[in-house]
Structures are given as C-alpha cells and as structure tokens.
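The values are calculated or read from the model by the stated rules, or taken from the named source; none is laboratory data. What you see is a predicted model; the values in this text were computed from it and never measured. Note that each Cβ is placed from the backbone with ideal geometry, even for glycine, and that neighbours are counted across all protein chains shown.
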Amino acid sequence: MSFHLSNLPTRTKKPRNSGITLAIDTGFSARQAEDFCNVASEHVDIVKLGWGTSYVTGGLDEKLQVYNKHGISVYFGGTLFEAYLLRDELDNYIKFLHNKNIRHVEVSNGTIRLSEHKKLDIIHELSRDFTVFSEVGSKNPNDIIPPYKWVKMINNEIEAGAWKVICEARESGTVGVFRPNGEIRSGLIEEITDQISHDTLLFEAPKKDQQIWFIKKFGPNVNLGNIKPEEVISVETLRLGLRSDTLFDFLSMDNSQNQTLVNDESTDNSQENY
C-alpha cells in the first residue's frame, strides 16, 4: 500500500486458502490483462476464462503468460469442461490443460446432464493432478435444489477431492444461491453454512449488493467469485471497510464509539451554526 491507515481488518495474504477473489475474464487481450494485473494483482487470486471464451480469444498463450508472471492462477470455465464432456472427450480436455500448464480445473454440471456418481468420479480422478473447483447449482432458474441436497452434494464433492465448492450464480447473479431478480436466498445460505464451513465454499457474487451481503455476513475473508476485473479493486475496498457500505463493519468497538461521538459533535455544531 502507498500509505498507512490504522485499524483495517486483517486480510489473508497470497497464496490464500480463504479470502479468495476470483475474477472472470470474458475475453481480455494480453495487453488488457497486463493493465489489469498492474493495478490489481495483489488483490486477485484466480482468473477464470469464462465459459468457452478461451477457444475463441486470440493471443491465449500470451495472456496466460501475463497472469503467470503476476502470480495469478488461471483456469477455464466450467462450460468448456461440459462441452468436452458432452462430446466424450474428457481425455482431450486433460491433455489440453497439461499443454497450457493449467493447474486448476472446474468440474460442473450446471447445463449438461451428469449423474452425481459420475461427477464424483471425475472430481476424484482430476484431483490427482489438478486443484479442483467443483460447482453446485443449476444455471436453470426454475431448477430449485432443496438445501439438504446442496449440503449433501457439497460434502460429497469435498470428500471426492474438490478444494473449493463454487455456489452457482452465473455471471448474471440470478440463479443458484440467488433468485431470478438477484435477491439472495439467505435462508438457503444459512442452512448450508450451518453445516459446512464457509471457508470451503466460494460464492459467485457478481453484483455489488451481493458482495456486500457476503462480506457483512462472513467477514472480509469470505471467498468471492465471478468478480468483474474492473470491480476487483472495489471489492477489496468493501473487504477493508474503505467504502461507505462497509465503513463501520470492521472497526473496533472503541473506534465505532468514537465515530459516533464525532458524528454527534458534528450534528451539535451544525445546529449551533443555524
């Protein structure tokens, strides 16, 4: 940091096991990735090349080199995994990952039909060579999964070898743990985290109000995903209480009381001036 400010919440340091910020790259050039990393590399842990964008984005190898140079892990979106699986070409996908020196992989079934048993087998197989993100939740807003099933699937996928389980929301933030209007299914999240540590989960939260909710609920070191690159800095300020939405959330009690006094004094002074 370029200057000091006291009493900020403690943030985990890279490489992080919690407090992860996962950004979604939807088609950056290598130059755009370089600019992004120059500003935000300290605050972003992993970049997902969204859905199948890596297949059609020019300069892929150069972009991967940029992220690697800045200490940011990269993986390809779960839809690309599903596209390979749909064609019965998982072996080719694994070869592709090795060829690109990709160490993280997402296993999802948000769109395709994939039995839980088969999904667990794939997680187990891939976890031997990769750090696995599995994803729970459907991309279909009408497919409502009951809380007990979320818990069961998450536990099974962690046991199979997943490092983190992503709670589906899409890049729109309107499915999975969110309602179609973007409202948070808070009861569902409460039931999940009553039985599973939130450090094991990564919550997709592309919208500001969603990010604020998770940070207020679980603290500055909650794992957040599907963050737009241009909003990574914004999310870090929310984590640190440097944006009005979380300004008072992570201060000590004494500082909060002091701030209340300052506000009271300001009010009194303004009344005297009138």
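Among the residues of segment 29-49, what is the count of those that are surrounded by fewer than 21 Cβ atoms within 10 Å (Cβ to Cβ) and either over 17 Å from residue 235 (Cα atoms) or not assigned by TED's automatic domain parsing to the domain that holds residue 165 (or both)? Total satisfying the criteria: 6. Residues that are out of contact with any helix residue (DSSP H, G or I) (no Cβ under 6 Å at 6 or more places or on another chain), in contact (Cβ under 8 Å) with a residue 60 or more places away in the chain and aromatic (Phe, Trp, Tyr) do not occur anywhere in segment 94-104. Taking the conditions (1) touching a residue at least 12 places away in the same chain (Cβ under 8 Å); (2) over 18 Å from residue 23 (Cα atoms) in turn, residue 146 satisfies each one other than (1). Count of segment 178-235 residues, restricted to those that are on the phi > 0 side of the Ramachandran plot and either surrounded by 22 or more Cβ atoms within 10 Å (Cβ to Cβ) or not small (Gly, Ala, Ser) (or both), is 1.
Filtering segment 98-118 to residues that are within 16 Å of residue 168 (Cα to Cα) and either assigned to a strand (DSSP E or B) or among the hydroxyl-bearing types (Ser, Thr, Tyr) (or both) leaves 105, 106, 107, 108, 111.
This table checks each residue for (1) closer than 16 Å to residue 51 by Cβ; (2) surrounded by 12 or more Cβ atoms within 10 Å (Cβ to Cβ); (3) assigned by TED's automatic domain parsing to the domain that holds residue 205.
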| site | (1), (2), (3) |
| --- | --- |
| 86 | yes, yes, yes |
| 89 | no, yes, yes |
| 105 | yes, yes, yes |
| 110 | yes, yes, yes |
| 115 | no, no, yes |
| 128 | no, no, yes |
| 133 | yes, yes, yes |
| 140 | yes, no, yes |
